[in-house]
Amino acid sequence: MRTTTPLRRALITVTATAAVVLTATGSAVAVPLSGTAAAPHATARSLSALHPVVELAAARLATADLVAAAKWGTDSPIDDPAREQQVLDNVAAQAQQLGADPDEIRVIFRDQIEANKTVQHGLFQRWTDHPDQAPTTKPDLSVVRQEINRVTSALVEALATTADDRGAVTCRPELLLTALQVRHDDHLDALHTRALARALRSVCGS
């Protein structure tokens, strides 16, 4: 009978625990809009090479709140195939310039886009059910997209520089632990936690 090594048992335990926690609820997420892409938190626990990837994915998700607020009460749909294709083409081109696999980056960013729409749909449903929580002001969508573009570019760079880490057998448990840390540091609520898990689905290559 095949035996389970202590390391394998530890990885199984860590992965299972992290997966459970990633679906738990949390407090509301803060959504700042700055002039530069959000930088990964510098903490003593930030030992993972994947931390910038996870933190930038979370920062990109934070912009979904602003996009949703800009679209709320208008005819602008959440699904925007033309815009999505433009994003995918741009990240693929940037990946090629950086020597990364453009097809891999496309797949990862398809997840980013779907995660972003998960947040928008969730917020629309929340605001429909609780009108008192709906936004009373509308951000300038063109300005928000500038922020999205900055975070997107930084995320492509982070993905390119972590190709070896993302292809390692330890990527998935490491990614889950890092996601737990970012969830805690960024105070993600249940909706954004679920979306973050969706955004990270294809980050590991193994």
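Observations, loosely collected:
- The residues in the stretch 54-82 that are open to solvent by less than 50 Å² (accessible area, probe 1.4 Å) and in a helix (DSSP H, G or I) can be counted, and the count is 18.
- Single residue of the stretch 191-206 satisfying the filter (small (Gly, Ala, Ser) and surrounded by 16 or more Cβ atoms within 10 Å (Cβ to Cβ)) that is farthest from Asp164 (Cα to Cα): Ala195
- Selection within the stretch 147-173 - open to solvent by 80 Å² or more (accessible area, probe 1.4 Å) and either touching a strand residue (DSSP E or B) at 6+ places or on another chain (Cβ under 8 Å) or of a type in the set (A, V, I, L, M, F, W, C) (or both): Val169
- The single condition from (1) within 24 Å of Leu88 (Cβ to Cβ); (2) open to solvent by less than 40 Å² (accessible area, probe 1.4 Å); (3) in a helix (DSSP H, G or I) that Leu176 fails is (1).
- Matching residues in the stretch 147-173 - criterion: being outside any helix (DSSP H, G or I) and farther than 24 Å from Val87 by Cβ: Ala168, Val169, Thr170
- Counted residues, the stretch 111-125 - those being free of Cβ contacts under 8 Å to residues at least 40 places away in the same chain and open to solvent by less than 80 Å² (accessible area, probe 1.4 Å): 1
- Within the stretch 92-110, the set of residues being open to solvent by less than 20 Å² (accessible area, probe 1.4 Å) and either touching a Pro at 6+ places or on another chain (Cβ under 8 Å) or hydroxyl-bearing (Ser, Thr, Tyr) (or both) comprises Ala92, Ala95.
- Total residues in the stretch 126-146, condition closer than 20 Å to Ala82 by Cβ and open to solvent by less than 80 Å² (accessible area, probe 1.4 Å): 5
- Filter result for Ser153 (at pLDDT below 95 and more than 14 Å from Ala68 (Cβ to Cβ)): no
The values are calculated or read from the model by the stated rules, or taken from the named source; none is laboratory data. Everything numeric here is computed off the predicted structure, so don't read it as measured data. Virtual Cβ from ideal backbone geometry, glycine too; neighbours counted across all protein chains shown. Ligands, DNA and RNA are stripped out before the accessible areas are found, and what is left, the full protein with its side chains, is counted by its heavy atoms. Shrake-Rupley method; radii C 1.70, N 1.55, O 1.52, S 1.80 Å.
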